[in-house]
Amino acid sequence: MQAHTEEHHIVPKRVYALVFVTLIILTWVTAWVSTVDLGRMNIYVALSIAVFKATLVVLFFMHVKYGSRLTKLIVCSGILWLMLLLFITMSDIWTRGWIGVPGR
Amino acid sequence: MITATAPVIEEKNYLNAEHGLKSWLLTQDHKRIALLYLMAVSVFFIVGGFFAVLIRLELATPAGDLLDSNTYNKVFTMHGVVMIFFFLIPSIPAILGNFLLPLMIGAKDLAFPRINLLSWYVYMLAGILGTTVLLTGGVDTGWTFYTPLSSTYSNGYVVLTAMAAFVAGFSSILTGLNFIVTVHRMRAPGLTWFRLPLFVWAHYATSVVMILGTPVIAVTLFLLMLERGLHIGFFDPAYGGDPVLFQHLFWFYSHPAVYIMILPSMGVISEVVSTFCTKKPFGYTFIAFSSVAIAVFGFLVWGHHLFVSSQSAYAGMVFSILTYIVAIPSAIKVFNWSATMYKGQVRLETPMLYALGFIGLFTIGGLTGLFLAAMGLNVHVTDTYFVVAHFHYVMVGGGVMGYLAGLHHWWPKMFGRMYSRTWSMVAAGLVFIGFNLTFFPQFLLGYMGMPRRYHVYPPEFQVLNVLSSAGASILALGFLIPGIYLTWSLKYGAKAPANPWGGVTLEWQTSSPPPTSNFDVTPVITNEVYDYTNQEVPHIG
Ligand SMILES: [Cu+2]
């Protein structure tokens, strides 16, 4: 094993403040957009904002942006697993009507 | 033998290095934390066993004469919850893994000793929540917490029980995290990945499942609590939810959780078989990678629990095929253990007896799993005793047998004492006979159509049920005897040498019990793993 000391990246306070303000604004946007009826787009808009906010938290507050490649790999595999859960679960819901149920 | 006349100076080890309750409750030594886990997990095993006794007593007669149906529902639920979340999941990783992982890789401790201690306290907190449920009236949903029973209709303490499982999950996330970082960062010089003992590979794979799967069950139980407590709709169609969604989310964790219970056992068996055949395991890399393959593919098969729900037939077919595929890595292991024994000098010591038991019983458990993976046959046996027999063959025949094999294999290392060879062999025999007598009749009962989770049944099922209950009492005796002779050995057992079985992994190179820092000098590894060329076979007994 290599003796490898991890350098600690020091993030300026300004960056944290900026991220924090962005998160607050986006929370407000989420609340506001829920009062506007966009039809089918309601869910997509709300989820997009939420995903964007989560990304900010992971990258800056959780320091993944400054982390090692192994850290990034672990985070990506976590996301991949979440996708697996969502995609395979949805594959059930999408294909439920394909074969008729006798008597119904 | 010459009796020493000079006063014996006790060697310093992790057990006598410090004294007093505080030295245990605030310890950061992975070996002491393992013993804390051993005590707590053993208590829960007794509690879960008590519920099993009630179930088997009730089922000795066709009428519901011992327990009424509500109590019976609670009894089998608590049996499942306690055995799965509080015994099977932590048993091998948190006790044997905790104790052995640093020793096997030549490290002084796990990467995060404080987090390790924290995981025990988190586990105990979960235990207190679970015990509160037990004492205040229980819960009747089954350990699977299916909606809408759990979210709407059940009268039991669903939220508190879900909370207990939720908290216990965090304990296993912490353990998994600790193991992964430890294996990556703490290996002794020269210990490359392909020189790691197979026990370490198995625990690495288990840890991956723990950190990728456990958050999902935590979230699922959290959603259930929200729906039950605050009527936020996730699973109830009246609020726009989908009850089958709960089953998807639940089994996304709970199928891989079976591998959390069985993979560490497989790691134990690899070590035991190699040691008692004095042979390098046949196909080392295949066994190592099959652990990883099980961990990954185990995540893609959960829908086989949903064949009779409203899951789409197309999804069912995919899940069915994937379930067949996940049997391959398990089969690789069984074949490789058998090949290791082939033409080897098999020494039938107690750990090896359990290992042989594991191989036979796990094979039956695994193969009946394939019956259940077939969509057509599954409809016939869903929710019958066939399923109960199948998963007990996997979890008890596999998980518990592996745990007992490991406990007997490393007991001399953990406590520096030998246990009674005769009694341990008698107990191993009783466990094997008792287990088969308990659960084999259940395959027949299930195939004949006896549903699980009912406390009354038609009289024609009585003979097989009586056989099963009789087997359970033999099994109970088989578990009781080790409790006695192992405890006895702590004080009266013969002193164990550093390497009683002739093992070649690193933990056998330090004294029994090991010093607090594990090794007096950090080992440097120069030869390949499982190199028995210079290892003498010890004479035992
Ligand atoms: Cu499964």
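The values are calculated or read from the model by the stated rules, or taken from the named source; none is laboratory data. Predicted model, so just to flag it, every value in this text is computed and none were measured. In this analysis, Cβ positions are derived from the backbone assuming ideal geometry, glycine residues included, and neighbour counts consider all displayed protein chains. Keep in mind that these areas ignore ligands, DNA and RNA; they rest on the heavy atoms of the full protein, side chains included. Shrake-Rupley method; radii C 1.70, N 1.55, O 1.52, S 1.80 Å.
Determine the sum of side-chain charges near B:W24: Lys and Arg each +1, Asp and Glu each -1, restricted to other residues whose C-beta is under 13 angstrom from that of B:W24.
+1
Given labels modelled 7 Å from the Cα in the Cβ direction, how far is it in nm from B:T285 to B:I232?
The modelled label-to-label distance comes out at 4.9 nm.
Which length gain, in nm to one decimal place, applies between B:F335 and B:K108 when the Cα-Cα distance is subtracted from 0.36 nm times their residue separation?
Here the answer is 78.2 nm.
In straight Cα distance, which lysines are under 24 Å from A:K13, not counting same-chain residues fewer than 8 positions off?
A:K53, A:K65, A:K72
With a cut-off of 8 Å between alpha carbons and a minimum separation of six or more residues, what is the relative contact order of the stretch B:21-509 in percent?
Averaging sequence separation for qualifying contacts and normalising by length gives 16 percent for the stretch B:21-509.
5 Å is the cut-off here: which amide hydrogens, built 1.01 Å from N in the peptide plane, fall below it relative to B:R417, excluding neighbours closer than 5 in sequence?
B:A496
Just the number please: accessible area per residue for the stretch B:21-509, 1.4 Å probe, all protein chains included, in Å².
35
Amide H to amide H, which residues 5 or more places from B:T384 or on other chains are under 5 Å from it, using H placed in the peptide plane?
Correct list: B:R452.
Taking R0 as 56 Å, what's the FRET efficiency between A:W28 and B:W24 from their Cβ-Cβ distance, rounded to 0.05?
Rounded to the nearest 0.05, the efficiency is 0.65.
So, with a 1.4 angstrom probe, what is the percent of accessible area on chain B that is carbon and sulfur?
71
For each pair in B:K279/B:K333; B:K343/B:K413; B:K108/B:K413; B:K31/B:K108, compute the distance between the two Cα atoms and list the pairs where it is over 19 Å. It would help to have the intermediate numbers written out before the result.
Working: B:K279/B:K333 16 Å; B:K343/B:K413 28 Å; B:K108/B:K413 16 Å; B:K31/B:K108 10 Å.
The pairs that break the limit, which is 19 Å between Cα atoms, are B:K343/B:K413.
Take A:A54 and B:Y314, extend 7 Å from each Cα along the Cα→Cβ direction, and tell me the distance between the two endpoints in nm.
Using points 7 Å along Cα→Cβ, the separation is 2.5 nm.
Quote the FRET efficiency, to the nearest 0.05, computed for A:I43 versus A:I99 with a Förster distance R0 of 35 Å and r equal to the Cβ-Cβ distance.
For R0 = 35 Å, the calculated efficiency reads 0.80.
Can you list the residues, at least 5 places off or on another chain, whose amide H is less than 5 Å from the amide H of B:S512, using H built in the peptide plane?
B:A498
In degrees from 0 to 90, rounded to the nearest 10, what is the angle of the helix B:113-136 Cα long axis to the longest principal axis of chain B?
40
Roughly what would the spin-label model give for B:M39 and A:L18, points 7 Å off Cα along C-beta, in nm?
5.4
Count the net charge of all other residues whose Cβ sits under 11 Å from the Cβ of B:Y485, scoring Lys and Arg as +1 and Asp and Glu as -1.
Summing Lys and Arg as +1 and Asp and Glu as -1 gives +2.
So what J values fall out for the stretch B:246-254 if you push phi through Karplus, 6.51 cos²θ - 1.76 cosθ + 1.60 with θ = phi - 60°, rounded to Hz, Gly and Pro as x?
Result, rounded to whole Hz: 4, 5, 4, 5, 4, 7, 4, 8, 6.
Using θ = phi - 60° and the Karplus curve 6.51 cos²θ - 1.76 cosθ + 1.60, what whole-Hz ³J(HN,Hα) does each residue of the stretch B:190-197 get, with Gly and Pro shown as x?
x, 8, 6, 4, 8, 10, 6, x
Angle between the Cα long axis of helix B:158-185 and the longest principal axis of chain B, 0 to 90 degrees, nearest 10?
30
Taking the alpha-carbon centroid of each part, what is the distance from the stretch B:423-457 to the stretch B:296-316 in angstrom?
About 28 Å separates the Cα centre of the stretch B:423-457 from the one of the stretch B:296-316.
Checking buried surface per residue: for the stretch B:192-233, which residues lose a minimum of 30 Å² accessible area in the protein assembly relative to the chain alone (1.4 Å probe)?
Residues passing the criterion (a loss of at least 30 Å², heavy atoms only) are B:L212.
At what distance in angstrom do the alpha carbon centres of the stretch B:477-512 and the stretch B:17-52 lie from each other?
Each part's Cα centre sits 17 Å from the other's.
What's the total accessible area buried between chains B and A, using a 1.4 Å probe, rounded to the nearest 100 Å²?
Summed over both sides, the interface buries about 1800 Å².
Quick one: 3J(HN,Hα) in Hz for the stretch B:359-364, Karplus 6.51/-1.76/1.60 with θ = phi - 60°, rounded, Gly and Pro as x.
4, x, 6, 5, 4, 5
Using only helices, what value at 222 nm comes out for chain B when you add -39,500 (n - 2.57) per DSSP H run of length 4 or more and divide by the total residues, to the nearest 500 deg cm²/dmol?
Numbers: 16 runs with 332 residues, N = 541.
Calculated mean residue ellipticity at 222 nm is -21000 deg cm²/dmol.
So how tilted is helix B:401-415 from the main axis of chain B? Cα-based, degrees 0 to 90, rounded to 10.
For helix B:401-415, the angle is close to 30 degrees.
Within a Cβ distance under 15 Å of B:M352, other residues only, what is the Lys/Arg minus Asp/Glu net charge?
+1
In deg cm²/dmol and to the nearest 500, what is the mean residue ellipticity at 222 nm of chain A if only DSSP H runs of at least 4 residues count, each as -39500 (n - 2.57), divided by the residue total? Write down the numbers at each step before the final one.
Working: 3 runs with 64 residues, N = 104.
Here the helix-only value at 222 nm equals -21500 deg cm²/dmol.
Take the Cβ-Cβ distance between A:L82 and B:I325 as r, set R0 to 25 Å, and report the resulting FRET efficiency rounded to the nearest 0.05.
Working: r = 22 Å, r/R0 = 0.89.
According to the calculation, E is roughly 0.65.
Which helices pass in chain A if a helix is a full DSSP H run, must span at least 20 angstrom along its long axis by Cα, and must have mean Kyte-Doolittle hydropathy not below 1.6?
Working: long enough: A:13-33 (30 Å, 1.63); A:41-56 (23 Å, 1.56); A:69-95 (38 Å, 1.49).
Both cut-offs are met by A:13-33.
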